[in-house]
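Below is one structure, written out as structure tokens, with a few remarks after it.
The values are calculated or read from the model by the stated rules, or taken from the named source; none is laboratory data. In this text, all values refer to a predicted model and were calculated from it rather than measured experimentally. A quick note on method: Cβ atoms are made from the backbone with ideal geometry, for glycine too, and the neighbour counts reach across all protein chains shown. Please note that ligands, DNA and RNA were not included when accessible areas were found on the heavy atoms of the full protein model with its side chains. Shrake-Rupley method; radii C 1.70, N 1.55, O 1.52, S 1.80 Å.
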Amino acid sequence: MTALSVSTSSAASLRADALVIGVAKGPKGLVVASGAEAVVEAFEGKLAEVLTTLGATGAEGEAVKLPAAAGLKAPLVLAVGLGEAAEGAYDADALRRAAGVAARTLAGIKKAALLLPAESAEEIEAVALGGLLGSYSFGTYKGAGSAKEPVGELVVLAARKGSKDAKAAVERATAIGEEINRARDLINTAPNDLHPKAFAAIAQAAGKEHGLKVEVLDEKALAKGGFGGILGVGVGSANPPRLVKVAYTHPKAKATLAFVGKGITYDSGGISLKPAGHNETMKCDMSGAAAVFAAVVAAKRLGLQVNVTAWLALAENMPSGSATRPGDVLRMYGGKTVEVLNTDAEGRLVLADAIVRAGEENPDVIVDVATLTGAMVLALGNRTFGVMANDDELRTRLHNTAEAVGEQSWPMPLPADLRKAMVETTIADLQNMGERMGGGLVAGLFLKEFVAEGIDWAHLDIAGPAFHEGAPYGYTPKGGTGSAIRTLVRFAEDTAGA
Ligand code: BES
Ligand code: MN
Ligand code: ZN
């Protein structure tokens, strides 16, 4: 894994394999951003000209390499585009994206120094986090030597006077970035390797490593406890389901957050089988569980003054002779009955049990995270998650939190009229399908039925951004992205600080 560090040495004397500088699109062509003064000097003021000759424009995503000029200890300079030149400071996400591009471009080298325009602790953290996230690659199944190693070390340059803050900022980025990269590994791991039991074991090991309390309910315990939703989804698979609780507590905490994650380690659709073309990436259906798991570990690593409990609702949705049929009625945890009309609407079933269970501990807020509906992808596209809630303020707060950390989200309603079709024609209390139109909201309304009276609850439908099928961009790799983790961590931080 890529190591992050801070240095206060001068850029000219820094021993590294590459120096990364920022360039941007100015009104009169390419401009070199601040932070790169030593490099500009070594090129005798001609750096912008040289880069322009090489075809660089400063556009976002651009990465242009050139041999370093005499006077620099590093042999290589990499100029990464920041987009439009900023009057003052650059937007934190522009810095994260540029650092991400640099880290990915430099895969295979040992040590790179980042001389991007970052002065404040927030900017330094952004550069460090972007670098760590951009360095990610998934090599589990590749033969040795068949892929470039991620860049070995990223050094963020900081001014001597603010070096203490810079160090803390880079430590924060390390904790958050490593947990996001770990979540990406979980999402990318093939579903024959990451079934519910394997995921639970990983949570247990992480609990031991970081001093978190982990409780695992296996299929027997789930049956004894009456978790009909999780069992009903998992019963068709040779890999039985699990409910995992990971608890972080702080002695001075004034609030408790419950994060509930959808953990379908593979979603075939069950008896309502998905057609080919719709199931190849369904290993990503545990991205919500990976997100809440990463968030609670990060909360612990950051020592946040808040209690955070992550609930991982893990099951594999498979068709078989023992699988739940369309038409079956499940008795959910807490006693409500659900008629399963489509076994592919399984996420809401495992989440319902976990939300009821989480509610029993009286948290101040429940946030669930789930790759819940294709309808949300149709509505918001591949890079934006939907935010629903039973409280307008909480929904706004989560949307704003996401924005603050550079994650795209949008508030979505829970229109009361869509509830009718879920309760009126079923032989049970509820059915797991409603109207086809507004399917993402219907799923949200289903979950809302399971939230205990008086608890603020929000639902993040990350079906779009959880898994990226195209070419990497910015700090986003191909495959699992780690969507919603930064939002959850910042939400916990804000709760701790409030
Ligand atoms: N896991 C899927 C949703 C999904 C779709 C995630 C695309 C990521 C990308 C979910 O379990 C599902 O199958 N939802 C159905 C619900 C329908 C049967 C009511 C859907 O969206 O089609
Ligand atoms: Mn499904
Ligand atoms: Zn699913």
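Considering segment 389-415 alone, what residues qualify as being part of a helix (DSSP H, G or I) and not small (G, A, S)?
Going through segment 389-415, the residues part of a helix (DSSP H, G or I) turn out to be 392-405.
D392, E393, L394, R395, T396, R397, L398, H399, N400, T401, E403, V405 - these are the residues of segment 389-415 that are part of a helix (DSSP H, G or I) and not small (G, A, S).
In the set (1) small (G, A, S); (2) within 30 Å of P472 (Cβ to Cβ); (3) in contact with a Lys or Arg (Cβ under 6 Å, 6 or more places away or on another chain), the condition left unmet by A379 is number (3).
When we screen L231, L212, L222 for residues that are away from ligand 2 (no atom under 13 Å from the Cβ), open to solvent by 30 Å² or more (accessible area, probe 1.4 Å), over 21 Å from W457 (Cα atoms) and in the same structural domain as F467 (by TED's automatic domain parsing), the only hit is L231. Considering segment 277-304, the residues that are within 16 Å of ligand 2 (Cβ to nearest atom) and not in a helix (DSSP H, G or I) include one that is nearest to the chain's Cα centre (by Cα), namely T281. Listed by position, the strands (runs of 3 or more DSSP E) enclosed by segment 56-127 that each have at least 1 residues that are open to solvent by 20 Å² or more (accessible area, probe 1.4 Å) and under 16 Å from V39 (Cβ atoms) are 63-67, 76-84. When segment 380-394 is filtered for residues that are open to solvent by 50 Å² or more (accessible area, probe 1.4 Å) and either among the charged types (D, E, K, R) or touching a Ser or Thr at 6+ places or on another chain (Cβ under 9 Å) (or both), the ones remaining, listed by number, are R383, D392, E393.
Of the residues making up segment 425-450, those that are basic (K, R) and in a helix (DSSP H, G or I) number 1.
What residue, of L76, L19, is touching a helix residue (DSSP H, G or I) at 6+ places or on another chain (Cβ under 9 Å) and at negative phi?
Values: L76 fails: touching a helix residue (DSSP H, G or I) at 6+ places or on another chain (Cβ under 9 Å).
Unique residue meeting the criteria: L19.
Of the residues making up segment 31-49, not a single one is within 22 Å of A126 (Cβ to Cβ), without any contact (Cβ under 8 Å) to a residue 60 or more places away in the chain and open to solvent by less than 30 Å² (accessible area, probe 1.4 Å).
Selection of segment 417-446 for residues being free of Cβ contacts under 8 Å to residues at least 24 places away in the same chain and either open to solvent by 40 Å² or more (accessible area, probe 1.4 Å) or over 20 Å from A370 (Cβ atoms) (or both) yields D417, K420, A421, V423, E424, T425, E435, R436, M437.
Table: residues versus (1) more than 16 Å from ligand 1 (Cβ to nearest atom); (2) open to solvent by 10 Å² or more (accessible area, probe 1.4 Å); (3) in contact with a Lys or Arg (Cβ under 9 Å, 6 or more places away or on another chain); (4) not hydrophobic (A, V, I, L, M, F, W, C).
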site: Y266; (1), (2), (3), (4): no, yes, yes, yes
site: K274; (1), (2), (3), (4): no, yes, no, yes
site: M282; (1), (2), (3), (4): no, yes, yes, no
site: S287; (1), (2), (3), (4): no, no, yes, yes
site: A290; (1), (2), (3), (4): no, no, yes, no
site: V297; (1), (2), (3), (4): yes, no, yes, no
site: V306; (1), (2), (3), (4): yes, no, yes, no
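Each row is one residue, and each column tells you yes or no for (1) of a type in the set (G, A, S); (2) closer than 25 Å to D344 by Cβ; (3) within 16 Å of ligand 2 (Cβ to nearest atom).
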{"site": "I355", "(1), (2), (3)": "no, yes, no"}
{"site": "N362", "(1), (2), (3)": "no, no, no"}
{"site": "A370", "(1), (2), (3)": "yes, yes, yes"}
{"site": "M376", "(1), (2), (3)": "no, yes, yes"}
{"site": "G381", "(1), (2), (3)": "yes, yes, no"}
{"site": "T401", "(1), (2), (3)": "no, no, no"}
{"site": "E407", "(1), (2), (3)": "no, no, no"}
{"site": "L418", "(1), (2), (3)": "no, yes, no"}
{"site": "I427", "(1), (2), (3)": "no, yes, no"}
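Looking only at helices (runs of 4 or more DSSP H) that lie completely in segment 171-243, which have at least 1 residues being among the polar types (S, T, N, Q)?
On the way: elements: 196-210, 219-225, 228-234.
Fully inside segment 171-243 and qualifying: 196-210.
Look at (1) open to solvent by 30 Å² or more (accessible area, probe 1.4 Å); (2) more than 22 Å from T487 (Cβ to Cβ) and you find that V151 fails only one, number (1).
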